[in-house]
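These notes are about the structure you will find just below.
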Amino acid sequence: MKNPFFLAIAAIIVLGFTLYMTTFTVRFTEAAVKATFGNVDPNSGIIEEEGLHFRLPAPFQRVIIYDTRSRLIEASAEQQRTADNREVILGTYVVWRVVNPLKFYQQFSSSGSSPESQYEEARRQIEPRLRSSLAAVSNFELDELFHSSDAESSIAELEQEITDRLRGVDTGDVVSLDDFGIEVQMIGIDSIELPATTVTAVVQGMKTAAEAEAASIASVGAAEANAIRSEGNNNAETILQFAKTLASALRNQGEVEAAEYYALLEQDPELARFLETMEFMREGLNGRINLILRTTTPGFQFFEQDNLKTLIPAPSRRAEGDDAAVIPAVSAEVSQ
């Protein structure tokens, strides 16, 4: 009873070992290369369909399974020169994947039988090409890369040009990465740094530009100030001339009107002197000062008793409507 049981166990083990040696599994993210004595049939040697597949045991056939998902290479920072002769330090990364397992196997199988060793060899092939492709920076000026608006920056254009160079597009390379079965999906610039010398030059350039702009603004301001000042002077001169003309016209009109009164006053000099004296008393003494003066003081002779009698008409005559002499109200004490 024990012999059949052990035989069954042994048969299962042998069957499992046989299946392990003659089958392999491909996932949907993988592609397999089946080589017979080191040679790969392009038609039957590439398996991209997922599932269980059969093969001859080693050393007749050997299967290498490649992961076709995207892989990342973070390259070391490289110093490059821009079109305006400025130094920049670029930090870049590359996203790539195995797109043609047959070409990839033919190119890198000599570096090792494991996929990991072949991936490492592919990385060593990509990195120097990337450093060479970074020379595309020389087609751009520094201010095109460092811009206040992302929409106007040329970094995206620079990334595309580096990608084209790495892929071998229009570069004249005899062998491109497509010949290795590698697809470069994306190249990105994750950092742009400036060396100390470039920072100094940039700051000096910004200072010079700011000084030039300030000088331009000051020049425009001075020109506008001169224009405003000139306009103000012209307006002031126009107003002054108008005022002089108007004053001259008023003076002439006043002299014409005064001439009529002067002519009337020349007909009665005594009346003129009297009116002048009354005007002096009205303007100089009216309610503002108390004076004690003699009647002999010039201008006060009208306060003598005899003169008052002659100037002030009798009540009967005033009642009849005769003209009465008007003496201004003057607060003064007069002594004889």
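General remarks:
- Selection within region 86-101 - open to solvent by 30 Å² or more (accessible area, probe 1.4 Å) and not in a strand (DSSP E or B): Arg86, Val99, Asn100
- Just one of (1) open to solvent by 60 Å² or more (accessible area, probe 1.4 Å); (2) of a type outside the set (A, V, I, L, M); (3) touching a Lys or Arg at 6+ places or on another chain (Cβ under 8 Å) fails for Arg131. It is (3).
- Only one of Lys309, Lys244 that is among the basic types (Lys, Arg) and at pLDDT below 85: Lys309
- Listed conditions (1) open to solvent by 30 Å² or more (accessible area, probe 1.4 Å); (2) in contact (Cβ under 8 Å) with a residue 12 or more places away in the chain are all met by Val26, apart from (1).
Yes/no matrix, rows are residues, columns are (1) open to solvent by less than 100 Å² (accessible area, probe 1.4 Å); (2) farther than 25 Å from Gly181 by Cβ; (3) over 60 Å from the mean Cα position of the chain (by Cα):
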position	(1), (2), (3)
Ile12	no, yes, yes
Phe17	no, yes, yes
Met21	yes, yes, yes
Glu30	yes, no, no
Asn39	no, no, yes
Ile46	yes, no, no
Tyr66	yes, no, no
Ile73	yes, no, no
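- Candidate set: region 184-203, residues that are of a type in the set (Gly, Ala, Ser) and assigned to a strand (DSSP E or B); chosen: the one nearest to Val88 (Cα to Cα): Ser191
- Residue list for region 24-49, filter: farther than 19 Å from Phe104 by Cβ and out of contact with any Pro (no Cβ under 8 Å at 6 or more places or on another chain): Thr25
- Per the listing Ala122, Ala83, the residue uniquely open to solvent by less than 70 Å² (accessible area, probe 1.4 Å) and part of a loop (DSSP other than H, G, I, E, B) is Ala83.
- Total residues in region 145-171, condition modelled with pLDDT of 85 or more and out of contact with any strand residue (DSSP E or B) (no Cβ under 8 Å at 6 or more places or on another chain): 7
- Residue list for region 197-239, filter: more than 27 Å from the chain's Cα centre (by Cα) and either loosely packed, with under 10 Cβ neighbours inside 10 Å or small (Gly, Ala, Ser) (or both): Ala225, Ala227, Ser230, Gly232, Ala236
- Options Ser113, Ser70: the member that is without any contact (Cβ under 8 Å) to a residue 60 or more places away in the chain and hydroxyl-bearing (Ser, Thr, Tyr): Ser113
The values are calculated or read from the model by the stated rules, or taken from the named source; none is laboratory data. These numbers were taken from a predicted model, which means no experiment stands behind them. We place every Cβ from the backbone using ideal geometry, glycine too, and count neighbours over all the protein chains shown. Heads up: the accessible areas ignore ligands, DNA and RNA and are worked out on the full protein's heavy atoms, side chains in. Shrake-Rupley method; radii C 1.70, N 1.55, O 1.52, S 1.80 Å.
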